[in-house]
Every structure is written in structure tokens, then in C-alpha cells.
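Data first, discussion second: the structure below is written as C-alpha cells.
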Amino acid sequence: MNFKRRILVTGGAGFIGSHVVRRMVQRHPDFLIVNFDVLTYAGNLENLVDIEKEANYAFFRGDICEPSDIEKAFAEHQITDIIHLAAESHVDRSILDPLAFVRTNVMGTANLLHAARSNWKDDQEHRFYHVSTDEVYGSLGHEGFFTEETPYDPRSPYSASKASSDHLVRSFHHTFGLPVVISNCSNNYGPNQFPEKLIPLFISNIVESKPLPVYGKGENVRDWLYVEDHAEAIEVIFLNGTVGETYNIGGNNEWSNISLIQELCSQMDQRLSREAGESAKLISYVTDRAGHDFRYAIDCSKLERTLGWKPSMDFETGLASTIDWYLSNPTWIENVKSGSYQQYYSEQYGNR
């Protein structure tokens, strides 16, 4: 079948990646969407069972840290574009094992850039879209917002590795003329997120009446972006963004950690028919994380001004939808926690 574009989506079985893959498959039948994922603990093909038989979808099990895997995917599917989401993304894990983040986020990105430069030598239109994080900008005080011009000041091994990959992408554009775009997003939440992150972890703990450990005093502030809003923004930037430009993607939803957790507890009490305040009794305060940035806040006005995108989901509604999804999908959660899905897909696609 002739496709207008053949897009390699790295990390397409992960949380954000699966929402991007689904959106692109469903909305662009003239595009082949190739889900390129090594299926680590956070990559799960159960996220995409609803579209796995679509004619414009393909899965390729591969590792961005292995150049030969990337070359095989390019050769097999004649890749014309890349949406690069594959990354190690958990700050706590980066503190425990910084080198794993350097390997995947820096060297993996370098491998993809090299493959794109080597293979895209025709006159066809190409695009290398690199998805990054607002954490590269460092930490804000009580006021102000990150803009696309904010100087980089990463504070954790995770954010430093993403900052490094951002710089590599820009260097391939300026040095070799590779057609790139970059976006930096705020904290994502929504269905299918691996339960090591705050919201799904605390939903699970509340259901099981386990402690809710809050770093420090819970005063750290984050901007929360609903994953479907993010997927839409990625689609808009991929299709219409200006080559060489960076776009910030935010949710306009700033919450301190403790306020978010209290809202979550309140909604969970209602869903579980508990007395008001019962879930909040599970909150405990623990030693703050090393190098814990105080506040992130995104100014995404450039994206709205130039491409017409803005977030549509308010946090209370998005949180309610997220809670409902997790409470309605206990099997998915159990499979993720047990790792049973990894064994199944390893048998299907081979161990790595």
C-alpha cells in the first residue's frame, strides 16, 4: 500500500507514545505509523490492542540504543519521518542509575539522528520531531513561566539527559540541515500511565489503603497536562510546526503536590463510597527528594498564537476521567505490576 508518510514513533507502546500512535493511526489513514519500542517495563502493547489490526499500523520491536535495530526499521518500512518519544523518564530512577538515562536519552537520540541523516538524502519531505520536557529549564520560584527562550538549567540526571538530547537535535539541524522540531511539555497524566508516577501510584495505594508518601511538605508545584491534549499538540506540531522551532506544551493547570493529592483523595472517597477525609488519612510526609525542583510552569502562548492549539481539559475533569479509567481497568494494572505482559510479548517478539 502506498502511504503519503511513513512515521517511526519511538516509544510508541509507552504512556504518551501509545496515545500519539492511536491518534495518528485513527486520524491519518494515508500515513503508516510504525510503533518502534523495545518493550521495557513501561512499554506495553496492551495499550494499543484496539488499533493493532489497522492497515496503517505496524509494530517493530527495537532498541534506540542499537543502531542496527534502527537501520532495520528504516529498511523494512522506508521511514520518512520520526516522532521521538522513547526515553527513560522517571526522576527517582535517574538518581539511582544516571548512566541508564545517558545511554537511552542521549546516545539513543544520537543514533536516531544519525540514521535519519544517513537515510534522508532524497528530495522528499522529512521531519524529525523530538519530544522533550519542561524540566530542562530548571526550577522556578513562586512567579514566572518557562518560555521557549528560557535558558537551560537541568537539576537532575533525567533532566540533564533530556537537555543533552535537545542540544544534539538542534546541532544536527544547524550543522547538517536536518529538518527538526522540538517540544517541551509539562507533567502528563491520564489513562495507561505506568503506576510509578504520582497519580496512578496514589490511586492504586488509596484503593489498597496503603500510605501516600509525600516528599517534603508537598509544596512543590507542577503544571499538569492531560495526555490526550498532549497527543493533539504533538499532531499539530508534527503537521504544521516550523522546522527548527521549539514549542512549549502546557496544561495551564498548576497544582502543588499536596493540593493535588487532597483533590485526588476527595474524588477517590466519592468513587469508593468512603467517608469524606478517609483517604487523606493515608497521607504521610517523607524526606524530600534530592535536588527536588520547587516549581514548573509553562507558557504555551507561542503554540496557541502560531498553530492554534491550547489545552482543553481542566484538571478536575481530567483527574475524574483518569480515576474512572484506572478503577475500570484493574486487570491492566495487575498485568503491569506483575510484568506478565512482558513475558507474553517477549514470547511473541523474542527476548532482548
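The values are calculated or read from the model by the stated rules, or taken from the named source; none is laboratory data. Here the structure is a predicted model, which means the values were calculated and not measured. Glycine gets a Cβ as well: all are built from the backbone with ideal geometry, and neighbour counts include every protein chain shown.
Counting just the residues of segment 59-71 that are in a helix (DSSP H, G or I) and either among the aromatic types (Phe, Trp, Tyr) or surrounded by fewer than 18 Cβ atoms within 10 Å (Cβ to Cβ) (or both), which one comes out nearest to the chain's Cα centre (by Cα)?
PRO67
Restricting SER165, SER171 to those that are modelled with pLDDT of 95 or more, buried (at least 24 other Cβ atoms within 10 Å of the Cβ) and more than 18 Å from LYS302 (Cβ to Cβ) reduces the list to SER165.
Here segment 308-339 is the region considered, the condition is being in contact with a helix residue (DSSP H, G or I) (Cβ under 7 Å, 6 or more places away or on another chain) and in a loop (DSSP other than H, G, I, E, B), and the residue that is nearest to GLY241 (Cα to Cα) is TRP309. Applying the condition of being assigned to a strand (DSSP E or B) and within 21 Å of the chain's Cα centre (by Cα) to segment 285-301 and asking which residue is modelled with the highest pLDDT yields ILE298.
Checking the structure you have, find out if any residue of segment 174-183 is closer than 24 Å to LEU85 by Cα and among the polar types (S, T, N, Q). Looking through segment 174-183, at least one residue is closer than 24 Å to LEU85 by Cα and among the polar types (S, T, N, Q).
Restricted to segment 113-132, and to residues that are closer than 25 Å to GLU148 by Cβ and hydroxyl-bearing (Ser, Thr, Tyr), which residue is farthest from the chain's Cα centre (by Cα)? Ranking the candidates gives TYR129 first.
Restricting SER94, SER118 to residues that are assigned to a helix (DSSP H, G or I), of a type in the set (Gly, Ala, Ser) and over 18 Å from LYS162 (Cα atoms) narrows the list to SER118.
Criterion first (in a helix (DSSP H, G or I), touching a helix residue (DSSP H, G or I) at 6+ places or on another chain (Cβ under 8 Å), in contact (Cβ under 8 Å) with a residue 40 or more places away in the chain and over 19 Å from THR40 (Cα atoms)) does PHE74 satisfy it?
On the way: in a helix (DSSP H, G or I): yes; touching a helix residue (DSSP H, G or I) at 6+ places or on another chain (Cβ under 8 Å): yes; in contact (Cβ under 8 Å) with a residue 40 or more places away in the chain: yes; over 19 Å from THR40 (Cα atoms): yes.
The answer is yes for PHE74.
Would you be able to say whether some residue in segment 20-39 is without any contact (Cβ under 8 Å) to a residue 40 or more places away in the chain, touching a strand residue (DSSP E or B) at 6+ places or on another chain (Cβ under 9 Å), of a type outside the set (Val, Ile, Thr) and under 18 Å from ASN119 (Cα atoms)? No; the residues of segment 20-39 include none that is without any contact (Cβ under 8 Å) to a residue 40 or more places away in the chain, touching a strand residue (DSSP E or B) at 6+ places or on another chain (Cβ under 9 Å), of a type outside the set (Val, Ile, Thr) and under 18 Å from ASN119 (Cα atoms). Output the number of residues of segment 33-58 satisfying the condition of being among the hydrophobic types (A, V, I, L, M, F, W, C), closer than 22 Å to ASN335 by Cβ and more than 15 Å from the chain's Cα centre (by Cα). Counting residues in segment 33-58 that are among the hydrophobic types (A, V, I, L, M, F, W, C), closer than 22 Å to ASN335 by Cβ and more than 15 Å from the chain's Cα centre (by Cα) gives 5.
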